[in-house]
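The values are calculated or read from the model by the stated rules, or taken from the named source; none is laboratory data. Predicted, not measured: the structure shown is a model, and the values here were computed from it. Neighbour counts run over all protein chains shown; Cβ positions are idealised from the backbone, glycine included.
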Amino acid sequence: MELSVYIARQPILDRDGNIFAYELLYRDTQENYVNVKNNMHATARVLVNALNYIGLQTLTEGKIAFIKVDDKAIMDDIIFSISPHHFVLEILEDTLISAALVKRIEFLTSRGYRFALNHYASKNNFLLTYHLLLGVIEFVKVDIVNSDDYEKIITKLRAHDIKIITEKLESRDDYDRAVALKFEYFQGYYFSQPDIFTKERIDPQSSQLLEIIYLLKTDASFDKLLEVFNSSPYLTLNHLKFIHIHEHIEKDKIASIEQALVIIGRERLLHWLELMVYANNEVQEDEDNFSKQLSKQAHHRAILMEYLAKRTQMSTNMQHAAYMTGLLSMSEVIFQSGFNDLLEQIHVEQHVNDALHTKSGKLGELLQLVIAIEHDNLRQVTSILGQLGMTQKDLNECMVLSYQKTAQH
């Protein structure tokens, strides 16, 4: 299995030369070309890589993201894992336009989703094929370089207030022709080749995803769901990112995994999990050993901090915040990026933020303690225990409990 994830982006410019949007493109290697064997998998992989790995803000810088979809993706409920505020769904040119698909697109449009047609080409018999969609499509991509009869449809598209993106522009002459035709937006190698982003791949096991999907579909208890999430730092951290994409959450609001699960709700959580199943594309028998060890260490650190918070008689809310702090403290290693990058994508309470950045406050003291334990720094362990009013016996008991609980997952 490939040990890295890849995604490419290419800008779409407006008439003034400003970046209007980015198209996010499927890649499965560092090479700048595409080999799509399954459209649904490619769509899901682009979304998972954008939302769970690279970060949507990093890729789009606050601009709209165009992603390619076919009829299967549009008809599937994974579409609800896509925020209409951030994405335009670009319908592939070989998509079968059925009455059911048109009805579905009309419904999604009423929910705020935006659509584009991947590109016009003369061989598509465009007006006959897509006339049912012209009332709900916002953008159409036109290839003026490789088509010679595009002018006859421009008037028809503009009559429906459809904005035209001219694509595959490779030279100044191509660009000048597009400007003369008064197109709204421009895309192509003349402006920029696609930029490729990559991160180490740490996908959850498909069996774990399917377990949570089963629990959701059988209305399992909240405690059972929480138990499974507590066993997977990867899922928990990316769940926080996913919430931030969909919900306008006040800064410093999220203090625990419990809050995060309540905010997102069961239905939207289900769509996100199903998206990851499509992205995995195959059942993984086991995680990569390195990834598995990172996950185990993050889980143990979070549990130990929660037990230490309880032993020092912190409130229940602070115990949950301690768990969250321990989990997030491993994010730099798991996701190969700094706390600032992560905290731009999620919102946590200020005392969690302080603990992560400056190791300050009560949570910061607990974090310093667990890190000192992991590094076998006995002098620092003894010093921090004294500051916390704990004994070596208290610590030993917390350690035993944390190892026992970690071993259960």
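Check whether at least one residue in the range 81-101 is touching a residue at least 60 places away in the same chain (Cβ under 8 Å) and in a helix (DSSP H, G or I), and report yes or no. Give the derivation first.
Here is the first cut: in the range 81-101, the ones touching a residue at least 60 places away in the same chain (Cβ under 8 Å) are 81, 83, 86, 88, 90.
Narrowing the set further to residues that are in a helix (DSSP H, G or I) leaves 81.
For the range 81-101, residues touching a residue at least 60 places away in the same chain (Cβ under 8 Å) and in a helix (DSSP H, G or I): present.
Of these, 54, 105, which one is at pLDDT 90 or above and crowded, with 21+ Cβ neighbours inside 10 Å?
Working: 54 fails: at pLDDT 90 or above.
Checking each option against the conditions leaves just 105.
Quick check: is even one residue across the range 94-106 within 20 Å of the chain's Cα centre (by Cα), of a type outside the set (Phe, Trp, Tyr) and in the same structural domain as residue 39 (by TED's automatic domain parsing)? Give the derivation first.
Step one: filter the range 94-106 for residues within 20 Å of the chain's Cα centre (by Cα), giving none.
The answer is no; no qualifying residue exists.
In the range 33-43, is there at least one residue being small (Gly, Ala, Ser) and either more than 24 Å from residue 94 (Cα to Cα) or touching a residue at least 60 places away in the same chain (Cβ under 8 Å) (or both)? Full working, then the answer.
Of the residues in the range 33-43, the ones small (Gly, Ala, Ser) are 42.
Adding the requirement that they be either more than 24 Å from residue 94 (Cα to Cα) or touching a residue at least 60 places away in the same chain (Cβ under 8 Å) (or both) leaves none.
Among the residues of the range 33-43, not one is small (Gly, Ala, Ser) and either more than 24 Å from residue 94 (Cα to Cα) or touching a residue at least 60 places away in the same chain (Cβ under 8 Å) (or both), which makes the answer no.
Against the conditions (1) within 16 Å of the chain's Cα centre (by Cα); (2) outside any strand (DSSP E or B); (3) modelled with pLDDT of 80 or more, where does residue 242 fall short? Just the number, please.
Failed condition: (3).
Within the range 9-25, does at least one residue satisfy the condition of being at pLDDT below 90 and not basic (Lys, Arg)?
The first filter runs over the range 9-25 and keeps only residues at pLDDT below 90, leaving none.
Taking every residue of the range 9-25 in turn, none turns out to be at pLDDT below 90 and not basic (Lys, Arg).
Okay, residues lined up against (1) in a strand (DSSP E or B); (2) among the small types (Gly, Ala, Ser); (3) buried (at least 21 other Cβ atoms within 10 Å of the Cβ):
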| residue | (1), (2), (3) |
| --- | --- |
| 21 | yes, yes, yes |
| 29 | no, no, no |
| 36 | no, no, no |
| 46 | no, no, yes |
| 50 | no, yes, yes |
| 66 | yes, no, yes |
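So which residues in the range 1-19 are among the acidic types (Asp, Glu) and in a strand (DSSP E or B)? If you could, list the steps in order and put the result at the bottom.
Here is the first cut: in the range 1-19, the residues among the acidic types (Asp, Glu) are 2, 14, 16.
The one that is among the acidic types (Asp, Glu) and in a strand (DSSP E or B): 14.
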